[in-house]
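In what follows, a single structure is set out as structure tokens and then discussed.
The values are calculated or read from the model by the stated rules, or taken from the named source; none is laboratory data. Owing to the predicted nature of the structure, the values given are computational and were not obtained by experimental measurement. Using ideal geometry, Cβ is built from the backbone for each residue, glycine included, and neighbour counts are taken over all protein chains shown. Surface accessibility is based on the protein's heavy atoms, side chains included, excluding ligands, DNA and RNA. Shrake-Rupley method; radii C 1.70, N 1.55, O 1.52, S 1.80 Å.
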Protein chains: 2
Amino acid sequence: MSSSVADPAASRGPDPHGAASARVADHLRTAILDGAIAPGERVRQEEVAQATGSSRIPVREALHLLEAEGLIENEPNKGARVPLLSPHEVDLIYRMRERLEPLALAESLPHLTAADLERLTRLQEDIEADSDVRRFLELDRAFHLLTYSGCHVDPLASMVTRLWNSTQHYRRAFVSMSGPGRMWVVNAEHRLLLDAIERRDVEDGERFLSGHIRRTRIELARHPEVFDRAPTGTHGSPG
Amino acid sequence: MSSSVADPAASRGPDPHGAASARVADHLRTAILDGAIAPGERVRQEEVAQATGSSRIPVREALHLLEAEGLIENEPNKGARVPLLSPHEVDLIYRMRERLEPLALAESLPHLTAADLERLTRLQEDIEADSDVRRFLELDRAFHLLTYSGCHVDPLASMVTRLWNSTQHYRRAFVSMSGPGRMWVVNAEHRLLLDAIERRDVEDGERFLSGHIRRTRIELARHPEVFDRAPTGTHGSPG
DNA sequence: TCGCTGATGTATGGATCCAATATCAATGCA
DNA sequence: TGCATTGATATTGGATCCATACATCAGCGA
């Protein structure tokens, strides 16, 4: 079952006007976040156009969209590539997260519904039950972003998403090589955060969250090998 | 003196490949930041194309670029418009600035050159010498952004610029109606900040800066009339 | 008089074609 | 043998044309 979206618009829907670029963007976003396209790698318009069964116009739009999301870097007349970040840049992105995400949480918390809280608890239980790296990344991301889902102010919400996107690759490399020990720490910190959220305690939530991010940043700084031409990791078979 | 750039590519250069979209983006950015296009106003592709003497393709690219900069809002099949922000959204943007800009300053400060410091001092002197609203906005923006010019990490630098862009219109409305009294406060705070920068004191710089932004936010919150269908202000004739 | 429905105009989204630029390999020269 | 130059090729940027969706308003009926 190759889940590839590679078949051109053979028997697909009628392609409702104004959806092609979004479809292409989804395709590329998934590929980049999954690590199928590694940082530093070029992304050729024609290739993507063929892979998605569209012309190059929606591809260009999608590339610009993804540039805004921090997943693509565009250089005039030279094309697009996935940004390659230095340790210092990743560190600074984590510092930005330390300051911004507590704000997003404070903005979001009052708007989280009981259903949201249930889903959060369920997610955390799933994280603790399953120790597969790929799944951990997915669930951890879902957990945190759900935490911010009550924040409806665009610049803040989109900025937080962008910061997560930019460092997704390095998170994967980091988690892959740090083993299950680190997941326990993360889970403990998630539990504290979750508890604060359930108590609707903004102050505690902000404190636990910034501490969570700060400790992750410090831990990451102790693993420079994450940046040593990190493996693409798309078929993350346990070594 | 219509400063319009409306003459099509009559005697303009040969348009070196890959510059049209940038030219269009500059045109629109200036128009929006100057208030020539007010928040909530639509931006039609064909109009811009004619005004800049290009086809609609570079216009689309420019609109997406500006969307990433927070100056344009795109809705599928409905077109582009300048975002209209609520008081709460502006307030939250200022809170983001409170947290992000000190970080940008800390990152930038060690890389500022002696020439930068001279230019900063010169700018501040110009601000104090000239009390015209339009000029104040321009110089104040230049002052702060120059302060961050040593920060070469893209997500941070671009985010700061985006936050400034998003609220430019409301800053104009605010400064227009708050009179020269407020400028004195701003100047005093700028002097403190400038002094900390010259001493290369990161901690003081961060503290003065976040205080500067916080006080501006609080002051702005006391002037809800800024949001009462604020005048376009492009020909800000004293009323 | 008010609300609904359909037709038409207008604006955006997408495809194809052409121009300009970058990339790269082959070749000639020092 | 190493390097610069030069051509061919691949790739991006822009223009024009077509398809589709939204907006407006006239016409009709209750």
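Restricting to the range B:132-150, give me the number of residues that are open to solvent by 10 Å² or more (accessible area, probe 1.4 Å), of a type outside the set (Ser, Thr, Tyr) and not in a helix (DSSP H, G or I).
Qualifying residue count, the range B:132-150: 1.
Being more than 11 Å from DNA strand C (Cβ to nearest atom), outside any strand (DSSP E or B) and either facing another protein chain (nearest Cβ under 10 Å) or open to solvent by 70 Å² or more (accessible area, probe 1.4 Å) (or both) is the filter here; which residues of the range A:67-84 pass it?
Listed by number, the residues that qualify are A:Glu67, A:Ala68, A:Glu69, A:Gly70, A:Pro83, A:Leu84.
Check A:Ser176 against each of (1) of a type in the set (Gly, Ala, Ser); (2) open to solvent by 10 Å² or more (accessible area, probe 1.4 Å); (3) modelled with pLDDT of 95 or more and name the one condition it does not meet.
(3)
Please identify the pairs in which a residue from the range B:63-80 that is within 9 Å of DNA strand D (Cβ to nearest atom) has its Cβ atom under 7 Å from the Cβ atom of a residue that is modelled with pLDDT of 95 or more and in a loop (DSSP other than H, G, I, E, B), counting only partners at least 6 apart or on another chain.
Qualifying pairs under 7 Å: B:Gly79/B:Arg44.
List the number of the failed condition for B:Thr121; all other conditions in (1) buried (at least 17 other Cβ atoms within 10 Å of the Cβ); (2) assigned to a helix (DSSP H, G or I) hold.
Status for B:Thr121: all satisfied but (1).
So which of A:Arg60, A:Arg119, A:Arg97 is away from every other protein chain (no Cβ under 12 Å) and among the basic types (Lys, Arg)?
A:Arg119
Return the pair list, or none, for Cβ contacts closer than 7 Å from residues in the range A:216-229 that are under 20 Å from A:Glu98 (Cβ atoms) and in a loop (DSSP other than H, G, I, E, B) to residues that are open to solvent by less than 70 Å² (accessible area, probe 1.4 Å) and among the polar types (S, T, N, Q), at least 6 apart or on different chains.
That search, which allows pairs on different chains as well, returns A:His223/A:Ser178.
Answer yes if at least one residue in the range A:95-106 is touching a Pro at 6+ places or on another chain (Cβ under 6 Å) and either away from DNA strand C (no atom under 16 Å from the Cβ) or farther than 26 Å from A:Thr216 by Cα (or both), and no otherwise.
First, the residues of the range A:95-106 that are touching a Pro at 6+ places or on another chain (Cβ under 6 Å): none.
Within the range A:95-106, none of the residues are touching a Pro at 6+ places or on another chain (Cβ under 6 Å) and either away from DNA strand C (no atom under 16 Å from the Cβ) or farther than 26 Å from A:Thr216 by Cα (or both).
Among the candidates B:Arg229, B:Arg182, B:Arg162, B:Arg214, which residue alone is modelled with pLDDT of 95 or more, open to solvent by 20 Å² or more (accessible area, probe 1.4 Å) and either more than 14 Å from chain A (Cβ to nearest Cβ) or under 21 Å from B:Thr30 (Cα atoms) (or both)?
B:Arg162
Name the single residue, out of those in the range B:29-54 being in a helix (DSSP H, G or I) and away from DNA strand D (no atom under 14 Å from the Cβ), that is surrounded by the most Cβ atoms within 10 Å (Cβ to Cβ).
Among them, the one singled out is B:Ile32.
Quick one: B:Asp91 ticks every box in (1) within 21 Å of B:Gln168 (Cβ to Cβ); (2) acidic (Asp, Glu); (3) buried (at least 18 other Cβ atoms within 10 Å of the Cβ) bar one, so which box is it?
All conditions pass for B:Asp91, except number (3).
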